[in-house]
Each structure stands twice: as structure tokens, then as C-alpha cells.
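Trainee: Before I ask anything, let me first share the structure, which is written out below as C-alpha cells.
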Amino acid sequence: MFPRRLLQLWVLLIQSGWWGVAPSPTDEGALRAGQGEHGEPGHQEPHKDSYSTFASEFLESRYLSDDGYPFPTAPPVDPFAKIKVTDCGVTKGCIRYGKPGCDAETCDYFLSYRRIGTDVEYELSADTDGWVAVGFSSDKKMGGDDVMGCVHDDNGRVRIHHFYNVGQWAKEIKRNPARDEEGIFENNRVTCRFKRPLYVPREETLVDLHLSWYYLFAWGPAIQGSITRHDIDSPPVSDHMISIYKYEDIFMPSTAYQTFNSPLCLLLIVALTFYLLMGTP
């Protein structure tokens, strides 16, 4: 078998006509048979040029493996568009949980929402290699909640799932309202984007998003594409009901940054400072 590069060059030379091929006696006879006794056009059998046929088939395949078999042409893949935090509070609502000043790539948890026609588009991101989810609750408590989750499976894909909270556990629901879904796992973060209808028929496991709900935020590890218990014992929840008709930019400090902001901690700091300044009797 010819080396692949040599084979390609050979085919291109043949197709371009630069490499002439001397006609055989049989070919000359066929040419003469195509003319009459005085040179008039006569009957000529159709003739297939094996060289041009082979060259066209070769070029149509576009790529060949080392064994001469054509590679399938992969469809184009659109890269995942990064989440824009500059739109927060302007053209979409955002909720950030983590370090002050964090964004979609640095917050412990990030969520955005915006209306697009009769749909609501959500963007979720969390510092985890497993799953990230948002729940819609009427009472700020986990249990009996409609939940949308993005799960990173063992094949490296991020898929959108629909769950219903039964107590502290999430049960997957086959009816999944998500569409136009996309996701990525990168830099130890699960990030996803999807749409779901604004209005849906009344159903226990599916809420109407035109109503306001408390948003529950959770994330954690996954095992073989199945979610496990969330990372923190008390997942954060919005302090008020969220309306998709109001674009807010809400920041919620994580536990590590709540300590020095609590009134009790400030009182303890004042007392300790006073004690140190006055000294012991």
C-alpha cells in the first residue's frame, strides 16, 4: 500500500491531467470505432474512466485513515458561551453565593434567570465535580419542591434532569420540561444553561414560573451520573420570593464570610477587645 501522502499526490496528478496515460491499442480501436468510414460520428459504447472515478471517490472522502478508510466528518460543535455577569440586574436576574465580589466562575454557587418569549432561561454554576441544582419552594424548606439539576456524568457530559424533593432526597421525574440544554465541566465546575416553559399545566411536580417562589440552592458530588447528598448540611435559600419579572442582582455571603457580619460575633469581638485593653485585675 502506498503511503497516504504519496497516494494523495498520485490521485491529484491523474485528475489534473498532468500525468498523461498512453492509450492502449484497445483504446485506439475504440476511438476509431466511434467514427464512420469517412470520419462521421458513429456508434460509441459508453466508457467509464476508472482513474477519474477513483479520484473523485477519493476526494469526496476528504480524509483517509492510515489504512485507507475514510474518516467520518464530525458535525461542528458550538463552544459553551460563558455566563455574562455584566448583565446581572439589567437584562437578567442573578443570585451569587460565596466570596464578596465573586462571579459565575468563582462563586460557590451562581444562578441567573431571564425571560425569553414564553420560556425562562436559567444558567447554573457551582464549584463541584458532580451536580448543581435549583429548587422552587413555597415555604423555604426542602420537601415537596420542583427541582432542576445539572449532573456531570462519568462520560464527561453535563445533562439536565428534573427532580422532585421527597423530604431531604430528590426523586428523578421522567417528565423533563428542559429544552435547549447545554452544559460543561471545566476547572472543577459544573456549568449549564437551559430553558423551561413559563406556563405549565398545574401539576404537583412542576410549578408555574410566572408565580414567585423561594429559590433553594444546592450542589454536591455525583456517582455514575446519579446525585448524592449536597455538600453542605443547610443549603442556602433566597431570603424572599423571587419573581422572574424582576431582574435583581443578589449577593449572599457564604458561611465563611458570614461570621464577622453576625451581631453576636461583633459583640464578642467588642467584649474581647475591652477585656484586653482593661487587663485582668
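Trainee: Strictly greater than 21 Å: what percent of every Cα pair in the range 102-261 meets that?
Mentor: 42
Trainee: Further question: Applying 1/(1 + (r/R0)^6) with R0 = 45 Å to the Cβ-Cβ distance of PHE80 and ASP139, what FRET efficiency is obtained, to the nearest 0.05?
Mentor: 0.85
Trainee: Please sort 148-157, 203-212, 127-136 by packing, taking for each peptide the average over its residues of neighbouring beta carbons within 10 angstrom, highest first.
Mentor: Averaged packing, sorted descending, gives the order 127-136, 148-157, 203-212.
Trainee: How high is the FRET efficiency from ASP87 to ASN188, r the C-beta distance, R0 30 Å, rounded to 0.05?
Mentor: Given R0 = 30 Å and the Cβ-Cβ separation, E is 0.75.
Trainee: When Lys and Arg each count +1 and Asp and Glu each count -1, what net charge do the other residues less than 13 Å away from LYS246, Cβ to Cβ, add up to?
Mentor: Every neighbour counted, the sum reads +1.
Trainee: First measure r as the distance between the Cβ atoms of TYR257 and ARG202, then evaluate 1/(1 + (r/R0)^6) with R0 = 45 Å and state the FRET efficiency to the nearest 0.05.
Mentor: So, using R0 = 45 Å, E works out to roughly 0.65.
Trainee: Another question about this same structure. What is the distance, in nm, between label points placed 7 Å from the Cα along the Cα-to-Cβ direction at ARG157 and at ARG179?
Mentor: 2.0
Trainee: In whole percent, what relative contact order does the range 69-222 give with Cα contacts below 8 Å and a gap of six or more residues?
Mentor: Once divided by the residue count of the range 69-222, the mean separation gives 23 percent.
No lab work stands behind these numbers, since they all come straight from the coordinates. Quantities reported herein were computed from a predicted structural model and do not represent experimental measurements. Because the Cβ atoms are built from the backbone with ideal geometry, glycine has one as well, and the counts that use them run over all protein chains shown.
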